[in-house]
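Each remark here refers to the structure printed beneath this line.
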Protein chains: 2
Amino acid sequence: MSHLVKKRKLDKTRQDRLYFDSYTDVTIHEEMIADHVRTNTYRMAILNNSESIRGKVVLDVGAGTGVLSMFCVQAGARKVYAVEACSIAEQAVNIVKQNNMEDKIEVIRGTVETVDLPEKVEVIVSEWMGYALLHESMLNSVLYARDKWLKPGGIILPHKAELYIAPVSDPVVEDRLHFWYTVKDQYGVDMSCMSDFARGCIMNSDITVNSVHGEDVLSHPARFAELDLHTVTVEELRSVKGKFNFESFGSAAVNAFCVFFTVTFPCPDKPQPLVLSTSPFKPETHWKQAVLYLDAPVDVVQDTVVTGEISMFPSEESARHICIHVDYTIGEHKRQSKTFSIPDWSSGAQS
Amino acid sequence: MSHLVKKRKLDKTRQDRLYFDSYTDVTIHEEMIADHVRTNTYRMAILNNSESIRGKVVLDVGAGTGVLSMFCVQAGARKVYAVEACSIAEQAVNIVKQNNMEDKIEVIRGTVETVDLPEKVEVIVSEWMGYALLHESMLNSVLYARDKWLKPGGIILPHKAELYIAPVSDPVVEDRLHFWYTVKDQYGVDMSCMSDFARGCIMNSDITVNSVHGEDVLSHPARFAELDLHTVTVEELRSVKGKFNFESFGSAAVNAFCVFFTVTFPCPDKPQPLVLSTSPFKPETHWKQAVLYLDAPVDVVQDTVVTGEISMFPSEESARHICIHVDYTIGEHKRQSKTFSIPDWSSGAQS
């Protein structure tokens, strides 16, 4: 609620403390385990890769409650190192015991950048994806683990991530802007002039995490970036960008772009790899979509062309916070640009 | 999400800045205007008191968008001073113009403690109620205005506030604690030991703002405090307390108390005064109810007696934050006590 509170730079230790503190509550773990698309896709992916996992050593980066580590034991892993920096690691220890997997899973409390493993690993598994894929920068830790602990020829689950963007017409925003025109009929007071103020507040430069419905997406989404987890570097993650080009399905008022991602798991025995998708055309996940509101709605008709470029980079105030810059041209309108960032609620990083 | 982040004392200026900043966004004003119970009860109360308002001077404390000031003009006020500290006052100026009431309503930007009015007033109107009635301490400002600006014999709308408490059984908590027992069937991993951890996280000492359903209330609510706005003092608000005594309707697991309030308006022409109620037995308002979770559920049967004492007082860290202390005895169980406070999300006052 306090979007005017000035931000200040957070030192790295404080950023990390706020980040790890946010995982000490049960709610986020409940949300993740209850996200059936997420948890079941990981389970299927791990079980489908049992040929690569059976008898092997696995590193689970950011293990949380340890659920992925236990799936790896179900897939035949000889040993799993479950690395978790936050106090939820204590619960992971209890759960591992309750499932009689103490001999297979070693829960290690610490950051993957500082822990010392007794051996290198053949498999890295991690559920590192944040809002808009890169918020929280946890992929950096996975890459660090890859470079330090993964044996040559080892596998990473998932092994690929892709980012998409699409123009949308969010009807909730239209309703909220229209609301101020309805006050007069209800209370005899004309508040329609509030609609402009409301537009400025709602169509702001926050990255809004929201569920977008498939029917509100105005064109085929464009894939603008692909990350191969075997080769991508931390340096490359400092600027992830790409171009997009849409043709509108029909007449509508574009009021936002939405950004979403997929991650892909190898599936040796199947014709298709296994994909965990956060597309608005697929069943909802706890990631929903990242919605970037334009300053004002823009009308399009069928085949109106929307082109542009999008780049994602860490915030200067806090390296764990993602920013998104979009340059875009809608039809004959002049080129616009807008930079978005994740508001402070997301990690309690208010100052 | 970061309930472990240490609190520190906020100085008064910073408290006020965070408090007033929280009203600069449109969302809170939209929520308040769209709360039909709130806005319409105020409208009815003001129009029903038109005999006391017609030709008189009114002070609107914390006017926001100015809607109550405009209702007062509809009721015949000669002049309304709409005092508002936050930048929403700029919107109030626009709205007043749009309704051609510039000659009647003077929007004054500032706190009621610092503004200078050209005259004393016959009527004070204010919508000052926070979560659990007293969160945000805005009533203090109304009392300050009363003592400084209200003429002898003037009226205050509303003129009375009452606080209630009732024992409840929140089924959402039961579902969330049970969730961890369902994981094994879904994913083949037993996570039932997480239920205890979940109970500690969910049944914590936060004042939770939640909608309680009437059917989850386990006895008649008890009124534990009544504030007469014509006589109550700021000193008395530093500790608002009372006793309660319930008899359970039937068998259930008590897992919380809920606190709610009513405010009452005089209604000269009607047999009954007009009451704005936030009871779980009445239509929902944006205040919902304040829910105070016990450390663990306690079973009761029909006629089990629950007795105790509740007190509300400002937090030591921030005077605008309310704390609630409850001492209670359920049936034959031993006396328990627990102190609750509003978590940091409520005013962005994280440090």
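Observations
- Number of residues in segment A:183-201 that are among the hydrophobic types (A, V, I, L, M, F, W, C) and either in a helix (DSSP H, G or I) or more than 7 Å from every other protein chain (Cβ to nearest Cβ) (or both) equals 5.
- Scan of segment A:204-222 for residues that are surrounded by 17 or more Cβ atoms within 10 Å (Cβ to Cβ), among the hydroxyl-bearing types (Ser, Thr, Tyr) and under 17 Å from the mean Cα position of the chain (by Cα), ordered by number: A:208
- Residue B:225 meets all of the listed conditions (1) of a type in the set (Gly, Ala, Ser); (2) under 15 Å from residue B:324 (Cα atoms); (3) open to solvent by 70 Å² or more (accessible area, probe 1.4 Å) but one, namely (3).
- For segment A:41-52, a residue qualifies if it is open to solvent by less than 40 Å² (accessible area, probe 1.4 Å) and either over 14 Å from residue A:158 (Cβ atoms) or within 14 Å of chain B (Cβ to nearest Cβ) (or both), and the qualifying residues are A:41, A:42, A:45, A:46, A:50.
- Residue B:84 being in contact (Cβ under 8 Å) with a residue 24 or more places away in the chain and surrounded by fewer than 20 Cβ atoms within 10 Å (Cβ to Cβ): no
- Residue B:245 open to solvent by 60 Å² or more (accessible area, probe 1.4 Å), farther than 30 Å from residue B:50 by Cα and part of a strand (DSSP E or B): yes
- For residue B:176, the conditions (1) in contact with an Asp or Glu (Cβ under 8 Å, 6 or more places away or on another chain); (2) within 12 Å of chain A (Cβ to nearest Cβ); (3) closer than 23 Å to residue B:219 by Cα; (4) not hydroxyl-bearing (Ser, Thr, Tyr) all hold with the exception of (3).
- Counted residues, segment B:94-148 - those being within 14 Å of another protein chain (Cβ to nearest Cβ) and either in contact (Cβ under 8 Å) with a residue 24 or more places away in the chain or touching a Gly at 6+ places or on another chain (Cβ under 7 Å) (or both): 12
- Single unsatisfied condition, residue B:118 versus (1) farther than 15 Å from residue B:80 by Cβ; (2) surrounded by fewer than 16 Cβ atoms within 10 Å (Cβ to Cβ): (1)
- Scanning segment A:130-158 for residues that are open to solvent by 10 Å² or more (accessible area, probe 1.4 Å) and within 15 Å of residue A:63 (Cβ to Cβ) turns up A:138, A:141, A:149.
- Qualifying residue in segment B:285-297 (condition: within 14 Å of chain A (Cβ to nearest Cβ), touching a helix residue (DSSP H, G or I) at 6+ places or on another chain (Cβ under 6 Å), open to solvent by 10 Å² or more (accessible area, probe 1.4 Å) and not charged (D, E, K, R)): yes
- Listing of helices (runs of 4 or more DSSP H) fully contained in segment A:1-119 that carry 3 or more residues being at pLDDT below 95: A:12-21, A:26-34
The values are calculated or read from the model by the stated rules, or taken from the named source; none is laboratory data. This one's a predicted model, so the numbers in the text were calculated from it and none came from an experiment. All Cβ positions, glycine included, derive from the backbone under ideal geometry; neighbour counts span all protein chains shown. With ligands, DNA and RNA removed, areas are computed over all heavy atoms of the protein, side chains included. Shrake-Rupley method; radii C 1.70, N 1.55, O 1.52, S 1.80 Å.
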